[in-house]
1. Could I have the simple spin-label model distance between E102 and Q72, label points 7 Å from Cα toward Cβ, reported in nm to one decimal?
2. Give me the log10 of I(q) over I(0) for the chain at q = 0.10, 0.14 Å⁻¹, as the Debye formula computes it from C-alpha points; what are the numbers?
3. Go ahead and run the numbers for FRET between S109 and A52, Cβ-Cβ distance against an R0 of 30 Å, rounding to 0.05.
4. K62: which lysines have alpha carbons under 24 Å from its alpha carbon, excluding same-chain residues fewer than 8 sequence positions away?
5. Exposed loop trypsin sites (Lys or Arg not before Pro) only (DSSP loop, at most 11 other Cβ atoms within 10 Å): please give the longest stretch of the chain free of them, not including the sites.
6. Long-range amide H contacts for L77: which residues qualify at under 5 Å (H placed 1.01 Å from N, peptide plane, sequence gap of 5 or more or a different chain)?
7. May I ask for the angle, rounded to the nearest 10°, between helix 124-135 and the longest principal axis of the chain, with both axes built from Cα atoms and the value confined to 0 to 90°?
8. Using θ = phi - 60° and the Karplus relation 6.51 cos²θ - 1.76 cosθ + 1.60, list the HN-Hα couplings for the stretch 55-62 in order, rounded to whole Hz, with x at every Gly or Pro.
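Nothing in this text is a laboratory measurement; each read-out follows from the coordinates by a stated rule. As the structure is a prediction and not an experimental result, all values here were calculated from the model. Glycine gets a Cβ as well: all are built from the backbone with ideal geometry, and neighbour counts include every protein chain shown.
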Amino acid sequence: MSEFLDQAILLRSIPYRETSCILHLLTARDGRLSLLVRGVRKKKSVFRSELAPLHLLSLRWKKGRSDLGYVQELHRLKPLLSEENYLDALKLNSLAYVLFPEREPMSMSLLCEAYALLEQRRSGLLVAVWYLLAKHGWLGELHHCWHCMAEDSPLLWSQASCCCQACGQGMVLSKGLCLSIEFSMRGDNIRLSHAYTLNWMQMIQDILAQHGLKRLNFE
Ligand SMILES: [Zn+2]
């Protein structure tokens, strides 16, 4: 049966039977994969110390007889971000888990880019989440209506989308807020006001809710 070598990021691990786990991984070659790792919860398992989220892992796995493949070898290569950002990065992992379909090879590089944004930018978590949502096709630029492309002013925030006054009703999106988000995404080193930060968080929560996803904890 075929064997594969790959690099991966662990998104989550779910206990399976007595001593095993099912891992949900993003891999460089195959995108999101679920693999069984046998015996990992035994004290003497060689995998135990190697399994860590937020690290680049090297992986050798094999296709099983059923759909589920299994891990044959796994090593921790290096941390992908600094420890002070681990908590926020785990939020990106849970978002990645629900956003990326299985077997979409781009997924791992998108998540790595989101980690980099989290590390480098002011309001890093907001920027990283907005980036993932944009890459997923759930949002557009904030200078035109997402429905009819009209460049009205002011634009409105209505049902998790930016729209013109003909396409919806809702909160007015101030020019200042739109530019602040745009500059933050572009990497200009601006400090968001508290009010804009709250607005931006709410827009993200609206988009997640619109797609039936859990709210993100920005605390
Ligand atoms: Zn419109």
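1. If labels sit at E102 and Q72, their model points lie 2.1 nm apart.
2. Each listed q maps to, in turn, -0.52, -0.87.
3. Between S109 and A52 the formula returns 0.90.
4. K42, K43, K44, K78
5. Between exposed loop sites, the widest span is 66-190.
6. Here the answer is L56, L57, S58, since their amide H atoms fall under 5 Å of that of L77.
7. On a 0 to 90 degree scale, this one is about 90.
8. 10, 7, 10, 9, 9, 10, 9, 10
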